[in-house]
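Here the structure comes first, spelled out in structure tokens, and everything after it is commentary.
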Amino acid sequence: MKKPQVPAFISHSIHARQNAGALGLRYRKKAFSVLLLFTVVSAGCAASVVSRPIQEISPKETQNLAQATQVDVPVVLAARFKIKPEKRNLFLQLAKATLEPTRAEKGVISYSFYEESSVPNSFIYFEEWKSREALAEHLKTPYTQRLLKQFPDMLDGEPNIRVYDIKSLTYRLEEGI
């Protein structure tokens with residue numbers, strides 16, 4: 001296994017820190033300060049460049065789908081979240097009440113929700129829509145509004161909600177994929 005290369009300025013700081021005993025306490029503190037500053041700056045840079053997927057939409061942004069710029073592009077909504085145990089029955093009642101009317105909407109391609117068998121009270125929504133506009137219209141319906149109004153109070157933690165714009169679609173797996 002090849003040893004990763006350390007950039008020269010880091011290597012120099014590490015070397016200076018290791019040999020600082022011969023140069024006195026003052027130099028040792030300075031070398032440590034440089035190394036500490038580099039570490040803090042590096043951590044800050046790493047944190048500042050963390051980005052989310054281009055098409056991911058946060059739960060708060062989901063309310064603004066009607067303002068989305070892309071229309072007539074199929075979209076997929078994938079949501080995973082946990083429900084408080086004491087709110088489970090209410091959630092199931094509201095979620096089941098949305099199934100049939102949602103599946104009858106003209107802009108829906110598919111609409112399903114599942115409970116994870118290995119994680120109690122953890123659910124997954126998987127929805128396919130003809131466009132963002134169709135999804136935005138769905139979010140305005142009375143049956144969806146009933147669910148969304150109570151959703152924050154039912155949640156156990158933060159939901160993971162993503163909306164993907166579909167640029168191409170393959171209906172079957174090809175060999176070699």
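Put simply, of A134, A104, A79 the only residue that is of a type in the set (A, V, I, L, M) and surrounded by fewer than 17 Cβ atoms within 10 Å (Cβ to Cβ) is A104.
Of the residues making up region 130-157, those that are more than 15 Å from T98 (Cα to Cα), in contact with a strand residue (DSSP E or B) (Cβ under 8 Å, 6 or more places away or on another chain) and not basic (K, R) are S131, A134, M154, L155, D156, G157.
Would you confirm whether any residue within region 148-156 is more than 13 Å from A79 (Cβ to Cβ), assigned to a strand (DSSP E or B), within 23 Å of the chain's Cα centre (by Cα) and in contact (Cβ under 8 Å) with a residue 60 or more places away in the chain? No, region 148-156 contains no residue that is more than 13 Å from A79 (Cβ to Cβ), assigned to a strand (DSSP E or B), within 23 Å of the chain's Cα centre (by Cα) and in contact (Cβ under 8 Å) with a residue 60 or more places away in the chain.
Where a number appears in this text, it was derived from the coordinates with a stated rule and is not lab data. What you are looking at is a predicted structure, and each value in this text was computed from that prediction instead of being measured. As a convention, Cβ positions derive from the backbone with ideal geometry for all residues, glycine included, and neighbour counts pool all protein chains shown.
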